[in-house]
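Undergrad: Structure in structure tokens, see below.
The values are calculated or read from the model by the stated rules, or taken from the named source; none is laboratory data. Keep in mind that what you see is a predicted model, and the values were worked out from it rather than measured. Backbone-built Cβ (ideal geometry, glycine too); neighbour counts: all protein chains shown.
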Amino acid sequence: MKKKGLRSRLTSYGDEGFALYLRGAFLKSAGYDDSALDRPIVGIASTASDFNPCHATVPKLVEAVSRGIRDAGAIPFVFGTISLHESFIHPSTMILRNLMAMDTEEMIGRQPVDSVVLIGGCDKTVPAQIMGAISADMPAVMLVVGPTVTGRFEKERLGACSDCRRLWAAHRAGEIDDQQLADAHGRLVSSHGTCTIMGTASTMAAMAETLGLMLTGGTSIPAVHSERLRHAEAAGRRAAEMAIAGGPRPSEVVTAASLRNAATVLQALGGSTNCIIHLSAIAGRMGIPLDLEEVDRIGRETPVLIDVKPVGKNYMEDFHGAGGLPALMKRLGDRLDLTAPTVMGCTLGEALAKAPDWVDDKIIRPLADPIAPGEALCIVRGTLAPDGAVIKRAAASDALMRHAGPAMVFDSIDDLMARIDDPDLPVTRDHVLVLRNAGPVGAPGMPEAGGIPIPMKLARAGVKDMVRISDARMSGTASGSIVLHVSPEAAVGGPLALVRDGDMIEMDVSARRLDLLVDEGEMERRRAAWKPGPRAGRGYEKLYVDHVLQADRGCDFDFLQAESLQAPKA
Ligand code: FES
Ligand code: MG
């Protein structure tokens, strides 16, 4: 066993002998003997929290990971970090993603560990942990809690959160009554784990696996399957080997090639729009800015192969049974750079070669018979979004992909909530609903308010979809003709701030255009009259609004990006 050179033996005092003597005294107080100081330490970042029901299995996973670490000759040390659940943070978990990334980076960077296993799952936790691990450049294995399994209600299968949204919309439209809504309630999230469909959590798990940071097959194993525990044990074993070997480090795993692979898999999954923001932030940590045009180009060339909600019909447990992410990546073949490295110490291609060959074509479709020929996630630009906006074409209505209509503007989320269901709202199905001041700075924290509800009176008249545009995000479990992440956002004076009711907005997704049809002279007059709103004056929220980057750059803090991307110091 290596003694000298273990990072976990580094101390902060001048007198190293004394510092280790002191640390040993405290380790003894925790019940360890002298050998503890000489063995590699693998940190386990636990995100167990009563406020995070998605992570309720974390204690069981910690046990399994610890077993694997001990088997391989290292010592597990469990520590807590911030944990984020989508339903319990106001106004949005996004505001705390960067704080969790900082927490993760600082705790793994400053504690005496030789490698880490990061246990994440719910939407923001996985990108936060990847961002932190990259910046600390600590050998790290990602482990997710895994998706929930479906429940049953009447004749249907139910899973969070696409079916939560579907039932809520059906209730708003008067299609189901109060009792049916209540009866289905307890079946929507039928087990511990992350949302049951290809929302942000599952898409980010897939990103971690594609980037080479997770053991093969870890994306889709349901949270409550015994296979999940065996996978966790293997993750612990591998992290111990990495602790002993001193790598590979994230900087040796996450490369421009693996980021391109991630964009390809994201498009083939018809994955969550949120992942474009998270991938931009991850790339920014590496000093490799994500080229949104390349993400769009990859989308044009990559068929959507997964028949899983919200784009398709099935659930994550079906995707797992069909072969999971390894089967999808094998399907994509040389569309991926199979020479990309992984934490397993082999290339992505070598890792996939060991995965089973069986695949269920109905759920992971052949390239020749895709769900959609491509363009799952598109980047649109134009006078309304000079720095780009995102639309999930795969979950939108074909009929609205070329549309011009008058704007109906909501100035804030509060304004939207106050007026959207007003029976006197002068809105028609041809209107373009615009929500602003819901971006990174404006809300602040860019909540998932972009899935603007269809106004009640139109919903009751059978309208299922309309063009909706905002500087907000949208849940990965939602669908509709919804343009998100408009950059720059209204709160920093982007053109979205200048739209008025009745202005014509034209969207042409095939041409990748989003334009406000107001002449430049009038826009100049409106721009001159525009004033920014008040901003937070203290605390983390002040740090956030002062330093958050726009959505096209991943909403990371400017000072957390790789130094090569930061503005030169004056
Ligand atoms: Fe946790 Fe959906 S709310 S994954
Ligand atoms: Mg979500």
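Undergrad: Which residue, of GLY43, GLY5, is exposed (fewer than 15 other Cβ atoms within 10 Å of the Cβ) and closer than 19 Å to MET138 by Cβ?
TA: GLY5
Undergrad: Sort through GLY236, GLY247 and tell me the only one that's touching a residue at least 12 places away in the same chain (Cβ under 8 Å), closer than 30 Å to ARG39 by Cβ and not in a helix (DSSP H, G or I).
TA: GLY247
Undergrad: Between a residue in the range 342-356 that is of a type in the set (S, T, N, Q) and any residue that is buried (at least 21 other Cβ atoms within 10 Å of the Cβ), which pairs come within a Cβ distance under 6 Å, given they are 6 or more apart or on different chains?
TA: THR342/GLY212; THR342/LEU348; THR342/ALA351
Undergrad: Shifting gears a bit: From the list GLY193, GLY146, pick out the single residue that is in contact (Cβ under 8 Å) with a residue 40 or more places away in the chain, under 30 Å from ASN98 (Cβ atoms), in contact with a strand residue (DSSP E or B) (Cβ under 6 Å, 6 or more places away or on another chain) and within 16 Å of ligand 1 (Cβ to nearest atom).
TA: Step by step, each of GLY193, GLY146 is checked, and only GLY193 is in contact (Cβ under 8 Å) with a residue 40 or more places away in the chain, under 30 Å from ASN98 (Cβ atoms), in contact with a strand residue (DSSP E or B) (Cβ under 6 Å, 6 or more places away or on another chain) and within 16 Å of ligand 1 (Cβ to nearest atom).
Undergrad: Exactly one condition in (1) in contact (Cβ under 8 Å) with a residue 60 or more places away in the chain; (2) of a type in the set (Asp, Glu); (3) surrounded by fewer than 17 Cβ atoms within 10 Å (Cβ to Cβ) is false for GLU375; which is it?
TA: Against the list (1) in contact (Cβ under 8 Å) with a residue 60 or more places away in the chain; (2) of a type in the set (Asp, Glu); (3) surrounded by fewer than 17 Cβ atoms within 10 Å (Cβ to Cβ), GLU375 comes up short only on (3).
Undergrad: Quick check on my filter: what residues within the range 135-168 are aliphatic (A, V, I, L, M), within 16 Å of ligand 2 (Cβ to nearest atom) and not in a loop (DSSP other than H, G, I, E, B)?
TA: VAL144 - this is the single residue of the range 135-168 that is aliphatic (A, V, I, L, M), within 16 Å of ligand 2 (Cβ to nearest atom) and not in a loop (DSSP other than H, G, I, E, B).
Undergrad: Follow-up question, since we're still on this one. I'm checking my understanding of the structure. Among residues of the range 357-366 that are modelled with pLDDT of 95 or more and part of a loop (DSSP other than H, G, I, E, B), which one is farthest from SER251 (Cα to Cα)?
TA: Only one residue fits best here, namely LYS362.
Undergrad: Please go through the range 450-472 and pick out each residue that is small (Gly, Ala, Ser), crowded, with 24+ Cβ neighbours inside 10 Å and part of a loop (DSSP other than H, G, I, E, B).
TA: Within the range 450-472, GLY450, ALA472 meet the criteria.
Undergrad: Being of a type outside the set (Val, Ile, Thr) and away from ligand 2 (no atom under 16 Å from the Cβ) is the filter here, so list the residues in the range 115-134 that pass it.
TA: Answer for the range 115-134, where residues must be of a type outside the set (Val, Ile, Thr) and away from ligand 2 (no atom under 16 Å from the Cβ): SER115, LEU118, GLN129, MET131, GLY132, ALA133.
Undergrad: Oh, and also: Within the bounds of the range 95-108, is there any residue that is free of Cβ contacts under 8 Å to residues at least 60 places away in the same chain and either part of a loop (DSSP other than H, G, I, E, B) or farther than 29 Å from THR273 by Cα (or both)?
TA: Within the range 95-108, not a single residue is free of Cβ contacts under 8 Å to residues at least 60 places away in the same chain and either part of a loop (DSSP other than H, G, I, E, B) or farther than 29 Å from THR273 by Cα (or both).
Undergrad: If you don't mind, there's one more thing I want to ask. Only residues that are small (Gly, Ala, Ser) and under 23 Å from the mean Cα position of the chain (by Cα): list them for the range 326-360, please.
TA: Answer for the range 326-360, where residues must be small (Gly, Ala, Ser) and under 23 Å from the mean Cα position of the chain (by Cα): ALA327, ALA340.
Undergrad: Let me ask you something else. Among the residues of the range 106-126, which ones are farther than 21 Å from PRO59 by Cα and either of a type in the set (D, E, K, R) or buried (at least 24 other Cβ atoms within 10 Å of the Cβ) (or both)?
TA: Within the range 106-126, GLU106, ARG110, ASP114 qualify.
Undergrad: Here are some residues: ASP163, ASP183. Which one is surrounded by fewer than 24 Cβ atoms within 10 Å (Cβ to Cβ) and either away from ligand 1 (no atom under 14 Å from the Cβ) or not hydroxyl-bearing (Ser, Thr, Tyr) (or both)?
TA: Answer to the check: ASP183.
Undergrad: Going residue by residue through the range 477-485, is there one that turns out to be surrounded by 23 or more Cβ atoms within 10 Å (Cβ to Cβ), touching a helix residue (DSSP H, G or I) at 6+ places or on another chain (Cβ under 6 Å) and closer than 20 Å to LEU549 by Cβ?
TA: Yes, that holds for at least one residue.
Undergrad: Here's a follow-up. Condition (residue is β-branched (Val, Ile, Thr) and not assigned by TED's automatic domain parsing to the domain that holds ILE277) applied to the range 336-343: is it met by at least one residue?
TA: no
Undergrad: Would you call ALA443 of a type in the set (A, V, I, L, M, F, W, C), assigned to a loop (DSSP other than H, G, I, E, B), at pLDDT below 95 and crowded, with 17+ Cβ neighbours inside 10 Å?
TA: yes
Undergrad: Could you list, in sequence order, all residues of the range 368-416 that are of a type outside the set (A, V, I, L, M) and in a strand (DSSP E or B)?
TA: Listed by number, the residues that qualify are CYS378, ARG381, GLY382, PRO386, ASP387, GLY388, LYS392, ARG402, HIS403, GLY405, PRO406, PHE410.
Undergrad: Across the range 234-248, what is the number of residues that are within 8 Å of ILE69 (Cα to Cα) and of a type in the set (A, V, I, L, M)?
TA: 2
Undergrad: Here's something else I'd like to know. Taking the options ALA389, ALA368, name whichever one is of a type in the set (A, V, I, L, M, F, W, C) and out of contact with any helix residue (DSSP H, G or I) (no Cβ under 9 Å at 6 or more places or on another chain).
TA: Being of a type in the set (A, V, I, L, M, F, W, C) and out of contact with any helix residue (DSSP H, G or I) (no Cβ under 9 Å at 6 or more places or on another chain) holds for just one of ALA389, ALA368, which is ALA368.
Undergrad: Restricting attention to the range 214-231, does a residue exist that is small (Gly, Ala, Ser) and farther than 23 Å from ALA72 by Cα?
TA: yes
Undergrad: What are the pairs with Cβ atoms under 7 angstrom where one residue, in the range 61-87, is within 16 Å of ligand 2 (Cβ to nearest atom) and the other, located anywhere, is among the aliphatic types (A, V, I, L, M) and assigned to a helix (DSSP H, G or I)? Sequence gap at least six, or different chains.
TA: Final answer for the pair search is LEU84/LEU96; LEU84/MET100.
Undergrad: Turning to a different aspect of this structure: Would you please list the contacts, defined by Cβ atoms under 6 Å and residues six or more apart or on different chains, that run from a residue in the range 128-139 that is under 17 Å from MET242 (Cβ atoms) to a residue that is outside any helix (DSSP H, G or I) and among the polar types (S, T, N, Q)?
TA: From residues that are under 17 Å from MET242 (Cβ atoms), the pairs are PRO139/SER115.
Undergrad: From the list GLY345, GLY333, GLY349, which residue is assigned to a helix (DSSP H, G or I) and more than 30 Å from ALA396 (Cα to Cα)?
TA: That would be GLY349, the only listed residue that is assigned to a helix (DSSP H, G or I) and more than 30 Å from ALA396 (Cα to Cα).
Undergrad: For the range 169-207, which residues satisfy the criterion of being assigned to a helix (DSSP H, G or I) and within 16 Å of ligand 2 (Cβ to nearest atom)?
TA: Result: THR200, ALA201, SER202, THR203, MET204, ALA205, ALA206, MET207.
Undergrad: Out of (1) under 18 Å from the mean Cα position of the chain (by Cα); (2) among the aliphatic types (A, V, I, L, M); (3) within 16 Å of ligand 1 (Cβ to nearest atom), what's the single condition that is false for LEU188?
TA: In the conditions (1) under 18 Å from the mean Cα position of the chain (by Cα); (2) among the aliphatic types (A, V, I, L, M); (3) within 16 Å of ligand 1 (Cβ to nearest atom), LEU188 misses (1) alone.
Undergrad: When residues of the range 245-274 are filtered for being among the polar types (S, T, N, Q) and either within 16 Å of ligand 2 (Cβ to nearest atom) or over 17 Å from the mean Cα position of the chain (by Cα) (or both), how many remain?
TA: 5
Undergrad: Further, regarding this structure: Would you check which residues across the range 276-302 are charged (D, E, K, R) and in contact (Cβ under 8 Å) with a residue 24 or more places away in the chain and list them?
TA: Within the range 276-302, ARG285, GLU293, GLU294, ASP296, ARG300, GLU301 meet the criteria.
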